[in-house]
Amino acid sequence: NQLQALLDEYFPEFREVFKNLLGKAALWVLRHCPFPSYILTWSVEELANQLKGATNNRVGLRRAGILKEAAENS
């Protein structure tokens, strides 16, 4: 509940990108770039490569693009 409350305050679009807040990709993002402004410093390709590494190639370019777009609109 606390995680959801913090996300609702700082990055409400996060739950639209990641349905499972405790999934590997979501946890990687929360550890390395928890705020939208941090995500905007990464390119889509860099995010995709990092997400691929964190999830054994299950999450990649498409989700990275969605994440970047959500951060821009946050």
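The values are calculated or read from the model by the stated rules, or taken from the named source; none is laboratory data. For clarity, every value in this text was computed on a predicted model and none was experimentally measured. Quick reminder, even Gly has a Cβ in these numbers, built from the backbone with ideal geometry, and neighbours come from all protein chains shown. Side chains are part of the model used for accessible areas, which takes the heavy atoms of the whole protein and leaves out ligands, DNA and RNA. Shrake-Rupley method; radii C 1.70, N 1.55, O 1.52, S 1.80 Å.
Observations, loosely collected:
- Per-atom-type breakdown for segment 2-73 gives carbon and sulfur 49% of the accessible area (1.4 Å probe, protein chains only).
- Per residue, the accessible area of the chain comes to 65 Å², computed with a 1.4 Å probe over protein heavy atoms only.
- Asn73 paired with Leu40, simple spin-label distance in nm, labels 7 Å along Cα-to-beta-carbon: 1.6 nm
- Qualifying trypsin sites (Lys or Arg not before Pro) for the chain [loop in DSSP, other Cβ within 10 Å: at most 10]: Lys19
- At the listed q of 0.20, 0.25 Å⁻¹, the Debye profile of the chain, built from one uniform point per Cα, gives log10 I(q)/I(0) equal to -0.76, -1.21.
- Positive-end residue of Phe14, Ile39, Ala26, charge dipole of the chain with Cβ unit charges: Ala26
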